[in-house]
Amino acid sequence: MQFARLVRSRRMVRSFRADHPGRGAIEAIVELSSRAPSAGKVQGWHAVAIDGERLDDFWRVNLPPDRRGSFAWPGLLRAPVVLVILADPDEYVRRYGEPDKLATGLGEGRDRWPVPYWLVDASFASMVAMLAAVDAGLGTLFFAVADEAAVRREFGVPGGMVMVGALAIGIPDGEDQKGRSAGRPRRAPTDILRWGGWT
């Protein structure tokens, strides 16, 4: 797909068919995501891939049955794959403690990082994953993990990992279920760019 059309066609999908696209398709998406920019080429992001019977466990702890009656997007629960996106700050601290990065001082601890690049890198990778999914004819929704502690316990996520969010992937079912923010206008380049400085 031509890149501009790919970007413009990407939407957050909130209703899926249950058909699994195949683990090979998910692995191909993740392979492309691994090519996203990464500080010091740390690539310190990870994904717990949840499908099959384990999806029931994910939704049981993240959206318990007693809360589903008022849930606005029940079609989201049909998504055949959910990737829980994680970032490991300690990998960045270790990498920046190596000789070629030592002068930065960032290897001294997480608190030395004015910008937490583990989150930047995981975000880059997630965006590539969303675009790769659209290019493969799939849809995605990036969403917050509602009960992080419960998901950590259920899926054995190490305590040092930052849970960035979750990415549902699957075939859209055609229902147009826009989020509450969809009506907000898109900013024009003239609203974004500050040529030559802020003022």
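Only the coordinates and a few stated rules stand behind these numbers; no lab work does. These numbers come from a predicted model, not from an experiment. FYI the Cβ positions are ideal-geometry reconstructions off the backbone, even for glycines, and counts take in every protein chain you see.
Quick notes on this structure:
- Within the stretch 33-61, the set of residues being closer than 17 Å to residue 153 by Cα and hydrophobic (A, V, I, L, M, F, W, C) comprises 47, 48, 49, 50, 55, 58, 59, 61.
- Test: residue in the stretch 106-123 that is among the basic types (Lys, Arg) and either within 30 Å of residue 9 (Cα to Cα) or touching a Leu at 6+ places or on another chain (Cβ under 8 Å) (or both): yes
- Scanning the stretch 167-199 for residues that are part of a loop (DSSP other than H, G, I, E, B) and either of a type outside the set (Phe, Trp, Tyr) or surrounded by 10 or more Cβ atoms within 10 Å (Cβ to Cβ) (or both) yields a total of 22.
- Residue-level check: of (1) buried (at least 17 other Cβ atoms within 10 Å of the Cβ); (2) out of contact with any Leu (no Cβ under 8 Å at 6 or more places or on another chain); (3) touching a residue at least 60 places away in the same chain (Cβ under 8 Å), residue 85 misses just (2).
- Only one of 157, 164 that is in contact (Cβ under 8 Å) with a residue 40 or more places away in the chain, assigned to a loop (DSSP other than H, G, I, E, B) and closer than 23 Å to residue 23 by Cα: 157
- Candidate set: the stretch 101-130, residues that are free of Cβ contacts under 8 Å to residues at least 12 places away in the same chain and of a type in the set (Gly, Ala, Ser); chosen: the one surrounded by the fewest Cβ atoms within 10 Å (Cβ to Cβ): 103
- The condition (being within 22 Å of residue 145 (Cα to Cα) and surrounded by fewer than 16 Cβ atoms within 10 Å (Cβ to Cβ)) is satisfied by just one residue among 14, 35, 54: 54.
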